[in-house]
Amino acid sequence: MGSETAEEDEGFTPERADDKKWRAVLARDAGFDGTMVFAVRSTGIYCRPSCPARRPRRQNVVLFPRPEAAEGAGFRACRRCRPKGSSTAQSQAAWVEDACRRLAAQEDGRLRLADLGAELGVSPHHLQRTFKQLMGITPRQYADAVRLGFFRAHLKKGADVTAAVYDAGYGSSSRAYEGAAARLGMTPGAYRKGGQGMRIAYTIVSSPLGRLLVAATERGISAVCLGDADAPLEAALREEYPAADLRRDDAGLKAWVGGILQRMEGHAPAPALPVDLRATAFQRRVWEELKAIPRGQTRSYGDIARRIGQPSAARAVARACATNPVALVIPCHRVVGGDGSVAGYRWGVERKRQLLEREAATAGTPPAQRIRRRRRRRSA
């Protein structure tokens, strides 16, 4: 399989699609259950990709998009993995999605784990374990995020802080200040007033990838944004903190901007840049892993999920990348699709592609070769 993967050309072909599906079969990837089945000529049986049975030789395998197609070709369903029914992974994904809807509907965040499990027909322990495997966070953490969102919305509408505290389900004002202040980056009262009392310096400069906005507090960089014009970048910053003391400081931020531009050119970064970020524990774990990706290399969302010990949390990893507020300082552009495809960048796919090409060039590894090497390691 290594030599086949290494010889893949750029662009989509049916052969390349089949290679991807066959790798999923070899990996027993439950994520492909329901999208395809594989049939074995020597046994006359077809299975789902996650079937635990021993893998046959590639030349004995036929891939089909649906069980009906395999049966139409004369194959019969495996009695072990039962490919015509819903897979365990699909069932789990369905009720975890249902759990998210129920938690989101409880704006006050008061739905207990035992009650949620009873509504879904699963034990609290199984709910807790499976939810964390798929989402990367616990139901409690998800409910806290929902409650914080509800709290944030009330404050932005100008609601009284005390009323917002109890409407959002916080048992006391001290709990609201303890939990929400850390994630809002300020006290709830200051957030309600649009960041009143905060001092944020910012600058906008030209860069190889368009206009670059860098904002910082006295503790470190808090925002790095890319765009085509200054006005939208400034407007987004002011919208988030309408009452903060926003001051343009080109000279004061010059050194930090230089470090970011150095990264944008693809060169080895200067000493670490200080940041002032508010994040969940999961986001921080993902972001630390992103910073560990060597310049000139990439990782997939699944790779990152496995490295933080939660192999089923690829989607949660993607969300953590999308909410990264300091592009380049935390190199979320180094995360690509499982097949090496360049997609999913907040500042545009073309900018992401250019960043990867610059880093690959200065690191001495052509992008196509780098991607093939990673695929070859994964398929070995």
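The values are calculated or read from the model by the stated rules, or taken from the named source; none is laboratory data. Quick caveat, the model's predicted, so the values are computed rather than measured. Neighbour counts are summed over all protein chains in view; Cβ atoms, including those assigned to glycine, are modelled from backbone coordinates with ideal geometry. Ligands, DNA and RNA are stripped out before the accessible areas are found, and what is left, the full protein with its side chains, is counted by its heavy atoms. Shrake-Rupley method; radii C 1.70, N 1.55, O 1.52, S 1.80 Å.
Picking from Arg346, Arg375, Arg370, Arg351, which residue would you name as being open to solvent by less than 60 Å² (accessible area, probe 1.4 Å) and either at pLDDT 80 or above or among the β-branched types (Val, Ile, Thr) (or both)?
None of the others qualify; the one that does is Arg351.
Which of the residues spanning region 201-229 are exposed (fewer than 13 other Cβ atoms within 10 Å of the Cβ) and either in contact with a helix residue (DSSP H, G or I) (Cβ under 6 Å, 6 or more places away or on another chain) or of a type outside the set (A, V, I, L, M, F, W, C) (or both)?
Ser206, Glu218, Arg219, Asp228 - these are the residues of region 201-229 that are exposed (fewer than 13 other Cβ atoms within 10 Å of the Cβ) and either in contact with a helix residue (DSSP H, G or I) (Cβ under 6 Å, 6 or more places away or on another chain) or of a type outside the set (A, V, I, L, M, F, W, C) (or both).
For region 35-56, which residues satisfy the criterion of being open to solvent by 60 Å² or more (accessible area, probe 1.4 Å) and either over 29 Å from Tyr301 (Cα atoms) or touching a residue at least 12 places away in the same chain (Cβ under 8 Å) (or both)?
The answer is Thr35, Arg41, Ser42, Thr43, Pro52.
Name the pairs: first residue in region 305-324 and surrounded by 19 or more Cβ atoms within 10 Å (Cβ to Cβ), second residue basic (Lys, Arg) and in a loop (DSSP other than H, G, I, E, B), Cβ to Cβ under 8 Å, at least 6 apart or on different chains?
That search, which allows pairs on different chains as well, returns Asn324/Arg346.
So, of the residues in region 270-303 that are in contact with a helix residue (DSSP H, G or I) (Cβ under 6 Å, 6 or more places away or on another chain) and in a helix (DSSP H, G or I), which turns out to be surrounded by the most Cβ atoms within 10 Å (Cβ to Cβ)?
Among those residues, the one meeting the criterion is Val286.
(1) in a helix (DSSP H, G or I); (2) modelled with pLDDT of 80 or more; (3) surrounded by 16 or more Cβ atoms within 10 Å (Cβ to Cβ): which one isn't true of Ala361, the others all being true?
Against the list (1) in a helix (DSSP H, G or I); (2) modelled with pLDDT of 80 or more; (3) surrounded by 16 or more Cβ atoms within 10 Å (Cβ to Cβ), Ala361 comes up short only on (3).
Residue by residue, here is whether (1) at pLDDT below 65; (2) open to solvent by 40 Å² or more (accessible area, probe 1.4 Å) holds:
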{"site": "Arg112", "(1), (2)": "no, yes"}
{"site": "Glu119", "(1), (2)": "no, yes"}
{"site": "Thr130", "(1), (2)": "no, no"}
{"site": "Ile137", "(1), (2)": "no, no"}
{"site": "Asp144", "(1), (2)": "no, no"}
{"site": "Lys156", "(1), (2)": "yes, yes"}
{"site": "Ala159", "(1), (2)": "yes, no"}
{"site": "Thr162", "(1), (2)": "yes, yes"}
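Do the conditions hold for Ala236, that is, is it modelled with pLDDT under 90 and either open to solvent by 20 Å² or more (accessible area, probe 1.4 Å) or in contact with a Leu (Cβ under 6 Å, 6 or more places away or on another chain) (or both)?
So Ala236 passes the test.
State the number of residues belonging to region 304-343 that are more than 17 Å from Phe131 (Cα to Cα), among the small types (Gly, Ala, Ser) and in a loop (DSSP other than H, G, I, E, B).
Result for region 304-343: 5.
Let me spell it out: the conditions are (1) open to solvent by 40 Å² or more (accessible area, probe 1.4 Å); (2) within 30 Å of Met36 (Cβ to Cβ); (3) modelled with pLDDT of 85 or more, and Ala93 meets all of them except one. Which number is the exception?
Unmet condition: (3).
Is it true that Ser300 is among the polar types (S, T, N, Q) and modelled with pLDDT of 90 or more?
Yes: the conditions hold for Ser300.
Which of the numbered conditions does His267 fail, given that it passes all the others? Conditions: (1) crowded, with 17+ Cβ neighbours inside 10 Å; (2) farther than 29 Å from Asp29 by Cα.
(1)
I'm trying to understand the selection: among the residues of region 326-350, which are under 19 Å from Glu289 (Cα atoms) and aromatic (Phe, Trp, Tyr)?
If the condition is that a residue be under 19 Å from Glu289 (Cα atoms) and aromatic (Phe, Trp, Tyr), then Tyr345 is the only one that fits.
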